1. Can you list, bin by bin at 10 Å, the percent of alpha carbon pairs in segment 293-333, starting at 0?
2. What share of all Cα pairs of segment 578-637, in percent, falls into each consecutive 5 Å distance bin?
3. With N residues in segment 467-521, what two-decimal value do you get for its Cα radius of gyration over 2.2 N^0.38 Å?
4. Mind giving me the FRET efficiency for Lys575 and Glu549? R0 is 41 Å, r the Cβ-Cβ distance, nearest 0.05 is fine.
5. If you stretched the chain out fully between Leu88 and Gln451, how much longer would it get, using 0.36 nm times the residue separation minus the C-alpha to C-alpha distance?
6. Principal axis extents for segment 402-557, Cα atoms only, whole Å, descending order, please.
7. Starting from the Cα of His475, move 7 Å in the Cα-to-Cβ direction to define the label point; list residues of segment 206-228 whose amide nitrogen is under 12 Å from there.
8. Ignoring solvent entirely, what values of log10 I(q)/I(0) come out of the Debye formula for segment 246-342 at 0.16, 0.23 Å⁻¹ when each Cα is a single scatterer?
Amino acid sequence: MASISGVYSSSSSSSSSALRHRRLLLPLKPIPSSRRAAAIPIFPLGRPPHLRPPRSIADLPRSPLTSSSASLPPEKKTLGIEKDPIKLWRRYVDWLYQHKELGLFLDVSRIAFTDEFLTEMEPRLQTAFHAMQELEKGAIANPDEGRMVGHYWLRDPKRAPNSFLRLQIENTLDAICNFADDVISAKIKPPSSPAGRFTQILSVGIGGSALGPQFVAEALAPDNPPLKIRFIDNTDPAGIDHQIAQLGPELASTLVIVISKSGGTPETRNGLLEVQKAFREAGLDFSKQGVAITQQNSLLDNAARIEGWLARFPMFDWVGGRTSEMSAVGLLPAALQACSSLIISRCQGGINIKEMLVGASLMDEANRTTVVRNNPAALLALCWYWASDGVGSKDMVVLPYKDSLLLFSRYLQQLVMESLGKEFDLDGNRVNQGITVYGNKGSTDQHAYIQQLREGVHNFFVTFIEVLRDRPPGHDWELEPGVTCGDYLFGMLQGTRSALYVNDRESITVTVQEVTPRSVGALVALYERAVGIYACLININAYHQPGVEAGKKAAGDVLALQKRVLSILNEASCKEPVEPLTLDEIAERCHAPEQIEMIYKIIAHMAANDRALIAEGNCGSPRSIKAFLGECNVDELYD
Ligand SMILES: O=P(O)(O)OC[C@H]1O[C@](O)(CO)[C@@H](O)[C@@H]1O
C-alpha cells in the first residue's frame, strides 16, 4: 500500500460459460470437457491450468445481429427462461434457502441456471470450498502480498490459526467494549466541553476504512443518538469544511476516529490535518479527543503514540480494508453509537456489536457446508457465475427495499469490485475479471432507472434485498382499506421482480426479517464469503488491489509536477519586473514538454483557487495563457 511521505500528524502549518451452453447472448466458446475435468489443487499450493472462463469480456465476439433478427435481442428466442407459474413455484420451493436462526432466506429461483450447469460447476465449487477451508486455517490466500486472510476469525476467534492471533482478536474486542462503555458513560470525556461528555463522532477514513462504518451507521444507528456519527471520507476541502461547520461548537465534544489500515492513505492524512487545524483554531487539544485505528507502527500509529492520543486500536495485517467491518474499523464506531446513556450490559450501550458478530458467525457456519444448495454464499457465487457468464458480462444491481439499507450497494460495490476486478488470474493470465455493482434502493429506483432495466439494454441481473418487518410492532396503520405503507413497498418489490423476470431479467432475492445488528452481520458475512468463493471459481486473488496503486502513484506524479511548476513560476515571479510565462515556457523550464497538458490543468486549477494569476489570455484558449504567482516566495519551499 502506498504511503505518504513525511510525518502523518499535523504540523504547525496548515499547508501541508463456458459451462453455460445455453448462454447465447454472448457466443462463448464451450470449453472442452477434457480441460474442465482436471482436478484443481487449492491455490496456496499453486494452481495448474484448469477450466477458466473466456479471457475477458472485451475479447469475446459480440453476437452478430443478422438483419432478420435485428429487432429482437437473440436471448429472447433462445434463453428458454421458465415462465410457467406452477413450474416456477416448484423451482422456488425446491431452491429456497432458509437460515432459521438468522431468519434469512435466499431465493435463487429467478436465476435460470440449468441442471447441466450445476453438474458442471459442482467439482469447481468443491475446489472452492477446499480453498476456503485452507484460507480459514491460515493459508497464504493473498499470495502477492504474502498474507493470510483472516476476517472470518474476527467473529470466531478460536478459528484463528494460533493462540497469539486469537488473543489479539479477543483483547481488541475487550478494549473496544471497555472504551465504548467508558465514552458512553462519560467516564472518558472531552477536556473542555460544556456537555461534559462526547456528543459527536467524526470518523476520518476512506474505502474499506469508511464504507462499512457508514453502511452500519445508516442501517442501525438509533434516531437521535446521544453520540451521532459523521464522516470525512475524501480529500475534498469543501466536504471537509462542511462536516466541520456542521459540528460547530460541538467540535469540543467530538471524538475523532482516524481509520487507516496502512496509516498512510493521503486522503485520510489530509482529513486528519484539516481536522487538527480546526481544533487548533478552536483552541482545542486534538490529542485528548483523537483515536487511531491502524496497523502497529504505521505512520498514523506512530503519530498517535508520540502525540499521546486518547486511544489506539489495532488493525491486523491479515484483515483487508474491504473486509474489516468486524474488526475495530467497524466495531468501534458501531459500539459508540449509543442508544442510551445508560449501559444496559457491557458493550451494549451502542449498536450491539456482539450481535453483529453472532450474525456473521452464524452465517459463516452456514457457509462452511460443502452441500451447495445448503450453502447460501455458494448459491450466490453460482448465480453470479451463471448470470455474468463467469466473466462479468452482466452487472449486479443491488436493490434493497428499505431506506436504512441504502448504503449496502455502495458497501458491496467496493467489496465485490475491488476484490474481483482483476487484470490477471492467479496463473498470470490476463483475464480482466470483475462484476460491476451498483444500486440505490427500492422503490425509489422505480422512478429512476428501472425503466431501462425492464426494457432497455440487458446487461444486468438484480439482487433484491427484502426486509419483512415494515415497522416496529404497534406502529402500523392502514392508509387505505387493508393496505399499509409497507404493503406498497412490498408490492413494488414483488411487482418489479415479476415485471423484470417476464422480460427475461434474472434476479436473486435475499430476505431478512428485520434490519438488526444480527442480520446486518449476517449480510456482511454472506457477501464476504460469496466473493471469496466466486474468486476461487474464476481463479483470481480477491484480496489485493494492485490497480488502485497505479492511480495513487499517478496522483503523486501530478503533485510532484505541480511543485516543479510552482518553483518555476515562483522564480519568474520574483524577477523585477515579474515575468509571466506561457505554458510552453513552463513546460520547457520544467524539462517536461510532454507534460504540457497536465501543466495547463495545474495552472487552471491554481488560477481557479487564486494561487496563480493569469496575466494574459484565458483558460478557454490554453495557448494564450501567460501565468505568474501573485507573491514571490523568496524561501521557495515548493520542492
Ligand atoms: O485503510 P487504508 O489503508 O487507509 O486504505 C483505505 C482503502 O484504500 C484501498 O487500499 C484502495 O482503495 C482500499 O483497499 C482500502 O480500503
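Read-outs: derived from the displayed coordinates by stated rules, not from any lab. Note that this is a predicted model, so its numbers are computed, not measured. FYI the Cβ positions are ideal-geometry reconstructions off the backbone, even for glycines, and counts take in every protein chain you see.
1. 31, 51, 18
2. Over segment 578-637, the share of Cα pairs per 5 Å bin runs 4, 20, 29, 27, 16, 3, 0 percent.
3. 1.37
4. 0.50
5. 128.3 nm
6. Dimensions of segment 402-557 along the principal axes of its Cα atoms: 62, 37, 34 Å.
7. Only 222-224 fall inside the zone, counting backbone N under 12 Å.
8. Taken in order of the listed q values, log10 I(q)/I(0) reads -0.69, -1.26.
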